[in-house]
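Let me begin by presenting the structure, written as C-alpha coordinates, before commenting on it.
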Amino acid sequence: MIDSNATGSLIGATVFDPNGDKIGKIGQIYVDPQDGHPEWASVSTGLFGTSESFVPLEDATFDGEQVRVSYDKSFVKDAPRIEPEGAFSSEEEQRIYGYYSREYTTPATETYETDAHTTDATVGHDTSGPNTDSAMTRSEEQLHVGTEQVQTGRARLRKYVVTEQQNVTVPVTHEEVRLEREPITDANVGDALSGPDISEEEHEVVLTEERVVVEKETVPVERVKLDKETVTEQQTVTENVRKEEVELDTDGTDTHTR
(Lines give C-alpha, C1' and ligand atoms only; values in the text may rest on other atoms or scores of the structure.)
Protein backbone atom coordinates (compact mmCIF):
# COMPACT_ATOMS: atom_id res chain seq x y z
CA MET A 1 0.00 0.00 0.00
CA ILE A 2 1.31 3.43 -0.97
CA ASP A 3 1.73 5.80 1.98
CA SER A 4 -0.69 8.72 2.24
CA ASN A 5 2.21 11.19 2.36
CA ALA A 6 3.05 10.30 -1.25
CA THR A 7 -0.40 11.17 -2.62
CA GLY A 8 0.58 14.56 -4.02
CA SER A 9 3.64 13.08 -5.75
CA LEU A 10 1.54 10.50 -7.60
CA ILE A 11 -0.11 13.06 -9.87
CA GLY A 12 1.57 12.85 -13.28
CA ALA A 13 3.59 9.73 -12.37
CA THR A 14 4.01 7.06 -15.06
CA VAL A 15 2.21 3.76 -14.47
CA PHE A 16 3.73 0.42 -15.51
CA ASP A 17 2.28 -3.09 -15.44
CA PRO A 18 4.03 -6.14 -13.86
CA ASN A 19 5.85 -6.78 -17.18
CA GLY A 20 7.32 -3.28 -17.29
CA ASP A 21 5.00 -2.05 -20.06
CA LYS A 22 3.98 1.59 -19.80
CA ILE A 23 0.25 2.06 -19.26
CA GLY A 24 -0.01 5.85 -19.01
CA LYS A 25 0.19 8.80 -16.62
CA ILE A 26 -1.90 9.32 -13.50
CA GLY A 27 -4.49 12.09 -13.75
CA GLN A 28 -6.49 11.74 -10.55
CA ILE A 29 -6.07 10.02 -7.20
CA TYR A 30 -8.92 8.66 -5.06
CA VAL A 31 -8.10 8.25 -1.38
CA ASP A 32 -9.60 6.33 1.51
CA PRO A 33 -11.44 8.88 3.72
CA GLN A 34 -10.53 6.89 6.85
CA ASP A 35 -6.73 7.08 6.71
CA GLY A 36 -6.09 9.06 3.51
CA HIS A 37 -4.05 6.38 1.70
CA PRO A 38 -4.34 6.31 -2.13
CA GLU A 39 -6.90 3.67 -3.18
CA TRP A 40 -7.63 4.29 -6.89
CA ALA A 41 -5.98 6.16 -9.75
CA SER A 42 -7.17 7.29 -13.14
CA VAL A 43 -4.64 6.70 -15.91
CA SER A 44 -4.64 8.47 -19.27
CA THR A 45 -4.67 5.57 -21.73
CA GLY A 46 -6.34 7.13 -24.77
CA LEU A 47 -4.50 8.02 -27.95
CA PHE A 48 -4.12 11.65 -26.91
CA GLY A 49 -4.98 11.26 -23.25
CA THR A 50 -8.65 12.08 -23.92
CA SER A 51 -10.01 9.39 -21.60
CA GLU A 52 -8.93 7.81 -18.36
CA SER A 53 -9.01 4.22 -17.14
CA PHE A 54 -9.17 3.37 -13.48
CA VAL A 55 -6.82 1.01 -11.66
CA PRO A 56 -6.63 0.01 -7.96
CA LEU A 57 -3.56 1.10 -5.98
CA GLU A 58 -4.04 -1.35 -3.12
CA ASP A 59 -1.16 -3.58 -4.26
CA ALA A 60 0.78 -0.92 -6.20
CA THR A 61 4.29 0.33 -5.42
CA PHE A 62 5.74 3.81 -5.92
CA ASP A 63 9.45 4.67 -6.08
CA GLY A 64 9.02 8.45 -6.28
CA GLU A 65 8.72 8.57 -10.08
CA GLN A 66 7.06 5.38 -11.30
CA VAL A 67 4.01 3.46 -10.13
CA ARG A 68 3.88 -0.31 -10.71
CA VAL A 69 0.44 -1.92 -10.51
CA SER A 70 -0.46 -5.62 -10.36
CA TYR A 71 -2.64 -5.60 -13.53
CA ASP A 72 -1.61 -6.04 -17.16
CA LYS A 73 -1.64 -3.06 -19.48
CA SER A 74 -4.39 -4.48 -21.70
CA PHE A 75 -6.62 -5.23 -18.70
CA VAL A 76 -6.28 -1.68 -17.38
CA LYS A 77 -6.96 -0.14 -20.80
CA ASP A 78 -10.24 -2.09 -21.01
CA ALA A 79 -11.35 -0.88 -17.57
CA PRO A 80 -14.33 1.53 -17.32
CA ARG A 81 -13.44 5.06 -18.32
CA ILE A 82 -14.71 8.58 -17.75
CA GLU A 83 -14.09 11.75 -19.69
CA PRO A 84 -11.63 14.23 -18.11
CA GLU A 85 -14.44 16.68 -17.34
CA GLY A 86 -17.08 14.05 -16.61
CA ALA A 87 -18.82 13.45 -13.29
CA PHE A 88 -18.16 10.22 -11.43
CA SER A 89 -21.47 8.65 -10.44
CA SER A 90 -22.11 5.84 -7.98
CA GLU A 91 -23.16 3.59 -10.88
CA GLU A 92 -19.80 4.11 -12.56
CA GLU A 93 -18.07 3.45 -9.29
CA GLN A 94 -19.89 0.14 -8.92
CA ARG A 95 -18.86 -0.84 -12.47
CA ILE A 96 -15.21 -0.17 -11.66
CA TYR A 97 -15.35 -2.24 -8.48
CA GLY A 98 -17.06 -5.06 -10.34
CA TYR A 99 -14.53 -4.98 -13.18
CA TYR A 100 -11.66 -5.51 -10.77
CA SER A 101 -13.68 -8.05 -8.71
CA ARG A 102 -13.55 -5.87 -5.64
CA GLU A 103 -16.30 -5.67 -3.03
CA TYR A 104 -18.36 -2.49 -3.22
CA THR A 105 -20.25 -1.08 -0.26
CA THR A 106 -20.87 2.62 0.20
CA PRO A 107 -18.72 5.24 -1.60
CA ALA A 108 -15.39 4.67 0.03
CA THR A 109 -13.10 7.01 -1.83
CA GLU A 110 -12.68 10.74 -2.24
CA THR A 111 -11.01 12.54 -5.09
CA TYR A 112 -7.60 14.14 -4.79
CA GLU A 113 -7.65 17.30 -6.93
CA THR A 114 -5.30 17.58 -9.91
CA ASP A 115 -3.94 20.56 -11.77
CA ALA A 116 -6.27 19.87 -14.67
CA HIS A 117 -9.71 19.33 -13.12
CA THR A 118 -11.58 18.16 -10.04
CA THR A 119 -14.09 15.35 -9.71
CA ASP A 120 -16.55 14.61 -6.90
CA ALA A 121 -17.72 17.70 -5.01
CA THR A 122 -16.00 17.85 -1.65
CA VAL A 123 -15.23 20.88 0.45
CA GLY A 124 -11.57 19.96 0.80
CA HIS A 125 -9.30 17.07 1.63
CA ASP A 126 -6.14 16.81 3.61
CA THR A 127 -4.20 13.89 2.16
CA SER A 128 -2.87 13.01 5.61
CA GLY A 129 -6.25 13.04 7.35
CA PRO A 130 -10.03 13.59 7.06
CA ASN A 131 -11.93 16.32 5.21
CA THR A 132 -11.25 19.94 6.17
CA ASP A 133 -13.00 23.21 5.46
CA SER A 134 -12.25 25.47 2.49
CA ALA A 135 -9.07 26.87 4.09
CA MET A 136 -5.72 25.30 4.78
CA THR A 137 -3.21 26.12 7.49
CA ARG A 138 0.23 27.31 6.40
CA SER A 139 3.00 26.52 8.88
CA GLU A 140 6.66 27.35 9.11
CA GLU A 141 9.56 26.45 11.34
CA GLN A 142 10.87 29.06 13.74
CA LEU A 143 14.42 29.02 15.02
CA HIS A 144 14.77 29.23 18.81
CA VAL A 145 18.35 29.60 20.00
CA GLY A 146 19.40 29.32 23.64
CA THR A 147 22.50 28.50 25.62
CA GLU A 148 23.58 25.69 27.89
CA GLN A 149 26.46 25.56 30.31
CA VAL A 150 29.02 22.83 29.66
CA GLN A 151 32.36 22.04 31.30
CA THR A 152 35.27 22.99 29.06
CA GLY A 153 38.24 22.31 31.34
CA ARG A 154 39.84 22.58 34.79
CA ALA A 155 42.44 24.97 36.24
CA ARG A 156 44.72 23.96 39.13
CA LEU A 157 46.96 26.12 41.28
CA ARG A 158 50.21 24.30 42.13
CA LYS A 159 53.48 25.53 43.66
CA TYR A 160 56.91 23.99 43.29
CA VAL A 161 60.45 24.77 44.49
CA VAL A 162 62.97 26.41 42.18
CA THR A 163 66.64 26.86 43.25
CA GLU A 164 68.41 29.95 41.99
CA GLN A 165 71.82 31.43 42.75
CA GLN A 166 72.13 34.87 44.30
CA ASN A 167 75.33 36.95 44.51
CA VAL A 168 75.53 39.27 47.51
CA THR A 169 78.60 41.50 48.22
CA VAL A 170 79.36 41.86 51.95
CA PRO A 171 82.21 44.11 53.34
CA VAL A 172 84.54 42.25 55.79
CA THR A 173 87.49 43.59 57.83
CA HIS A 174 90.77 42.03 59.04
CA GLU A 175 93.79 43.21 61.00
CA GLU A 176 97.33 43.42 59.63
CA VAL A 177 100.70 44.03 61.35
CA ARG A 178 102.36 47.34 60.70
CA LEU A 179 105.86 48.29 62.01
CA GLU A 180 106.04 51.81 63.37
CA ARG A 181 109.28 53.59 64.29
CA GLU A 182 109.42 56.75 66.34
CA PRO A 183 112.52 58.76 67.43
CA ILE A 184 113.52 59.24 71.10
CA THR A 185 112.16 62.47 72.36
CA ASP A 186 111.87 64.18 75.72
CA ALA A 187 108.37 62.76 75.88
CA ASN A 188 109.31 59.08 75.50
CA VAL A 189 112.90 58.98 76.78
CA GLY A 190 111.73 57.70 80.14
CA ASP A 191 109.99 54.71 78.59
CA ALA A 192 112.99 54.02 76.39
CA LEU A 193 115.47 53.87 79.35
CA SER A 194 113.20 51.92 81.72
CA GLY A 195 114.58 48.52 80.79
CA PRO A 196 118.03 47.01 80.72
CA ASP A 197 120.63 48.49 78.51
CA ILE A 198 121.12 45.41 76.34
CA SER A 199 118.63 42.52 76.40
CA GLU A 200 116.52 40.18 74.28
CA GLU A 201 112.79 40.87 74.20
CA GLU A 202 109.70 39.53 72.34
CA HIS A 203 106.31 41.14 71.88
CA GLU A 204 103.12 39.37 70.51
CA VAL A 205 100.03 40.96 68.87
CA VAL A 206 96.78 39.12 68.19
CA LEU A 207 95.34 39.71 64.72
CA THR A 208 91.55 39.36 63.95
CA GLU A 209 89.37 39.32 60.85
CA GLU A 210 85.69 39.16 59.97
CA ARG A 211 84.29 36.11 58.25
CA VAL A 212 81.00 35.93 56.24
CA VAL A 213 78.23 34.06 58.01
CA VAL A 214 75.25 32.96 55.84
CA GLU A 215 71.84 32.23 57.26
CA LYS A 216 68.60 31.54 55.31
CA GLU A 217 65.16 32.52 56.53
CA THR A 218 61.83 31.60 54.97
CA VAL A 219 59.44 34.52 54.81
CA PRO A 220 56.03 34.89 53.06
CA VAL A 221 56.16 37.22 50.04
CA GLU A 222 52.68 37.08 48.46
CA ARG A 223 49.40 35.16 48.22
CA VAL A 224 48.24 33.66 44.91
CA LYS A 225 44.70 32.32 44.38
CA LEU A 226 42.42 31.14 41.57
CA ASP A 227 39.41 33.22 40.53
CA LYS A 228 36.89 33.08 37.65
CA GLU A 229 35.38 35.82 35.55
CA THR A 230 32.58 35.64 32.97
CA VAL A 231 33.40 36.91 29.48
CA THR A 232 30.53 37.49 27.00
CA GLU A 233 31.16 37.09 23.28
CA GLN A 234 28.89 37.08 20.23
CA GLN A 235 28.43 33.87 18.23
CA THR A 236 26.40 33.52 15.00
CA VAL A 237 24.21 30.46 14.55
CA THR A 238 23.26 29.39 11.00
CA GLU A 239 20.47 26.84 10.55
CA ASN A 240 17.97 25.90 7.82
CA VAL A 241 14.28 26.32 8.62
CA ARG A 242 11.37 25.13 6.53
CA LYS A 243 8.12 26.91 5.79
CA GLU A 244 5.03 26.12 3.80
CA GLU A 245 3.80 28.28 0.94
CA VAL A 246 0.37 28.26 -0.64
CA GLU A 247 -0.03 28.10 -4.40
CA LEU A 248 -3.23 29.31 -6.02
CA ASP A 249 -4.04 27.85 -9.44
CA THR A 250 -6.67 29.89 -11.28
CA ASP A 251 -7.52 29.20 -14.94
CA GLY A 252 -4.09 27.78 -15.61
CA THR A 253 -2.25 30.70 -14.00
CA ASP A 254 -0.07 29.85 -11.01
CA THR A 255 -0.07 32.45 -8.28
CA HIS A 256 2.26 32.10 -5.29
CA THR A 257 1.24 33.69 -2.05
CA ARG A 258 2.45 33.66 1.51
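Some observations on this one:
- Which listed residue is modelled with pLDDT under 85, among the β-branched types (Val, Ile, Thr) and either in contact with a strand residue (DSSP E or B) (Cβ under 6 Å, 6 or more places away or on another chain) or surrounded by 19 or more Cβ atoms within 10 Å (Cβ to Cβ) (or both), from THR7, THR50: THR7
- The number of residues in the range 54-74 that are under 18 Å from GLY8 (Cα atoms), out of contact with any Pro (no Cβ under 7 Å at 6 or more places or on another chain) and of a type in the set (Phe, Trp, Tyr) comes to 1.
- Take the conditions (1) surrounded by 10 or more Cβ atoms within 10 Å (Cβ to Cβ); (2) at pLDDT below 90; GLU245 misses just one of them, which is (1).
- Among the residues of the range 1-29, just one is assigned to a strand (DSSP E or B) and closer than 11 Å to GLY64 by Cα, namely THR14.
- Contact map, the range 72-101: residues that are under 16 Å from GLU39 (Cβ atoms) and modelled with pLDDT of 85 or more paired with residues that are in a loop (DSSP other than H, G, I, E, B) and of a type in the set (S, T, N, Q), Cβ distance under 8 Å, separation 6+ or inter-chain. Pairs shown: VAL76/THR45.
- Filtered residue count, the range 163-178, keeping only those that are exposed (fewer than 10 other Cβ atoms within 10 Å of the Cβ) and either modelled with pLDDT under 90 or not hydrophobic (A, V, I, L, M, F, W, C) (or both): 11
- Count of residues meeting criterion [farther than 20 Å from ASP72 by Cα and touching a residue at least 60 places away in the same chain (Cβ under 8 Å)] in the range 1-33: 9
- Inter-residue pairs, beta-carbon under 8 Å, first on the phi < 0 side of the Ramachandran plot and in the range 140-154, second surrounded by 10 or more Cβ atoms within 10 Å (Cβ to Cβ) and of a type outside the set (Val, Ile, Thr), 6+ apart: GLU140/LYS243; GLU140/GLU244; GLU141/LYS243
- Test result for ARG211, more than 30 Å from VAL145 (Cα to Cα), loosely packed, with under 10 Cβ neighbours inside 10 Å and not polar (S, T, N, Q): yes
The values are calculated or read from the model by the stated rules, or taken from the named source; none is laboratory data. On a predicted model such as this, the values are computed, not experimentally measured, just so you know. Please note: Cβ atoms are built from the backbone with ideal geometry, for glycine as well, and neighbour counts cover all protein chains shown.
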